[in-house]
Amino acid sequence: MNSAKNTVVAEIGLLIYRDCQLAAVYGLSDMFRIATDWAISISGEDRKLAIRVSHWKVNEGDDTVECVWDSHPDEPHRMSYLIAPPSLVMPALMTSMKVSADWMNTLYNKGVTLCSVCAGAFVLAETGLINHRRATTHWAFAQTLADRFPKIDVVAEKMVIDDGDIITAGGILAWIDLGLTLIEKISGTGTMHATARFLLVDPPRREQSPYSVFIPNFEHGDSKILLVQHHLHACYSEQHSIETMAERVSLSPRTFLRHFQKATGLRPTDYLQQVRIMKARDALELTGRAVDVIAWEVGYTDSSAFRKIFRKIMGVTPSQHRQRFSTE
């Protein structure tokens, strides 16, 4: 791939840890290259909108993490996503990933979205970042993950759980679903479908409408606003006033509002609504709980207000969404 002729739209890092599945590392690398090649035919432009791929490995001699391969080696790194691939050994045999976890925490605090596939969830879990969150892994490892990390809400039924700043995928071949999900986020639905057709695989969540996808911005460079975003994703069901959010990062309410909207493109209340509806959508698809119960669980005391906001954001009622997308 000739980087001089390409415009990099995102960098995806792949973590190579001990006993990880290299087939996923190289398969994802190939998939993202194919997506780049298809992007030019979709856009009709003279240049390719490239997805940069980099491989990162722990140097066990000095506990550092270094880049061992890069599709665009002459450009400074600006990572958007990092993926922990599956493991080839059972979770009971996986060694401690503290160095990797510490590095992932550092990236996360800089706005990088963290992803895992299958037993890669155990690497991600060591960061502590998916405590009190929904996450998925291989169905055979779900109970082990729940026992080892009891603060995680393990959901084995879904292939991909997109939590905005954290994305987890299920089975050992779910790297295909995760890869296509990222391609859709980065390069659009057309490129994702073209890539899936070329690879002769089904696109993930192919029945979802484009308007239902909430893609939060974590790469704006404002560390205080990033801290509030992470808090909202983790504690979405709680009540959050402008004053308390501003106080959390030692800003005045007026300054906080200005910084938050500049960084995310949304007012804090609208951002929180998007996060809550994203959570409600997952509950509607994965469970049979009543709509009123889900409304309360995601932070709405008035179920009629929840229904109105859901329809405004999703274009359909909660019941219609469940009827179309439910896995029950």
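The values are calculated or read from the model by the stated rules, or taken from the named source; none is laboratory data. Here the structure is a predicted model, which means the values were calculated and not measured. Ideal geometry is used to build each Cβ from the backbone, glycine not excepted, and the neighbour counts take in all protein chains shown. Protein only, heavy atoms only, side chains kept; ligands, DNA and RNA dropped before computing areas. Shrake-Rupley method; radii C 1.70, N 1.55, O 1.52, S 1.80 Å.
Just a few scattered comments:
- Residue match in region 295-310 (condition: among the basic types (Lys, Arg) and at pLDDT below 90): no
- Verdict on GLY164 being touching an Asp or Glu at 6+ places or on another chain (Cβ under 6 Å), open to solvent by less than 10 Å² (accessible area, probe 1.4 Å) and in a loop (DSSP other than H, G, I, E, B): no
- Residue ID - most open to solvent (accessible area, probe 1.4 Å), chosen from residues in region 103-159 that are in a strand (DSSP E or B) and without any contact (Cβ under 8 Å) to a residue 60 or more places away in the chain: ASP153
- Filter pass, LYS262 being assigned by the TED database to the domain that holds LYS312, in a helix (DSSP H, G or I), basic (Lys, Arg) and more than 20 Å from the chain's Cα centre (by Cα): yes
- Enumeration of residues in region 284-296 that are surrounded by 20 or more Cβ atoms within 10 Å (Cβ to Cβ) and touching an Asp or Glu at 6+ places or on another chain (Cβ under 9 Å): ALA295
- Of all residues making up region 46-87, the number that are buried (at least 18 other Cβ atoms within 10 Å of the Cβ), assigned to a strand (DSSP E or B) and among the hydroxyl-bearing types (Ser, Thr, Tyr): 4
- Selection count where residues are part of a loop (DSSP other than H, G, I, E, B), among the polar types (S, T, N, Q) and open to solvent by 80 Å² or more (accessible area, probe 1.4 Å), scope region 223-259: 2
- Residues in region 6-27 that are closer than 15 Å to ILE186 by Cα and crowded, with 21+ Cβ neighbours inside 10 Å: ALA10, GLU11, ILE12, GLY13.
- Members of region 297-322 found to be assigned to a helix (DSSP H, G or I) and surrounded by 16 or more Cβ atoms within 10 Å (Cβ to Cβ), listed by number: GLU297, SER303, PHE306, ARG307, ILE309, PHE310, ILE313, MET314, PRO318, HIS321, ARG322
The rows are residues; the columns are (1) among the hydroxyl-bearing types (Ser, Thr, Tyr); (2) farther than 28 Å from LEU272 by Cβ; (3) at pLDDT 90 or above.
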{"position": "TRP175", "(1), (2), (3)": "no, yes, yes"}
{"position": "GLY190", "(1), (2), (3)": "no, yes, no"}
{"position": "ARG206", "(1), (2), (3)": "no, yes, no"}
{"position": "SER209", "(1), (2), (3)": "yes, no, no"}
{"position": "VAL228", "(1), (2), (3)": "no, no, yes"}
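- Counting the residues of region 82-99 that are at pLDDT 95 or above and touching a helix residue (DSSP H, G or I) at 6+ places or on another chain (Cβ under 6 Å) gives 4.
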